[in-house]
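Below is one structure, written out as structure tokens; the observations come after it.
The values are calculated or read from the model by the stated rules, or taken from the named source; none is laboratory data. Just so you know, these numbers come straight off a predicted model, no measurement behind them. Positions of Cβ are generated from backbone atoms using ideal geometry, with glycine treated the same way; all protein chains shown enter the neighbour counts.
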Amino acid sequence: MMHGTIQKWGNSQAVRLPKGALQIARLSENDGVEIVASEGQIVIRKAEKIENLDMLFAGYTGDYRPAEEDAGEPVGREVIE
């Protein structure tokens, strides 16, 4: 077990992760991670790398249909004369 402290970092808070913890978890600087928070705990785990769109949408079962939105009449520089 390793200990740390939550500290202010700009407008956020941060925890420094010991090098040993990163080695055990096989994480490196700039790796993508998933952060899962629940009552009393935060779990950080390596994010699955998305190789292609098939991986991104694997398991998607929705019936999404895009729709066009009306933003009103053109104004300013978007008006074509």
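Would you check if residue 50 is modelled with pLDDT under 90, under 16 Å from the mean Cα position of the chain (by Cα) and among the hydrophobic types (A, V, I, L, M, F, W, C)?
Spelling it out, residue 50 is indeed modelled with pLDDT under 90, under 16 Å from the mean Cα position of the chain (by Cα) and among the hydrophobic types (A, V, I, L, M, F, W, C).
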| query | Name the residues in the range 27-64 that are more than 29 Å from residue 4 (Cβ to Cβ), of a type in the set (A, V, I, L, M, F, W, C) and not in a loop (DSSP other than H, G, I, E, B), would you? | reply | 53, 55, 56
| request: Go through 67, 71 for me and flag whichever is more than 19 Å from the chain's Cα centre (by Cα), at pLDDT 90 or above and outside any strand (DSSP E or B). | output: 67
| message | Return the pair list, or none, for Cβ contacts closer than 9 Å from residues in the range 52-80 that are surrounded by 10 or more Cβ atoms within 10 Å (Cβ to Cβ) to residues that are of a type outside the set (A, V, I, L, M, F, W, C), at least 6 apart or on different chains. | response | 55/48; 55/49
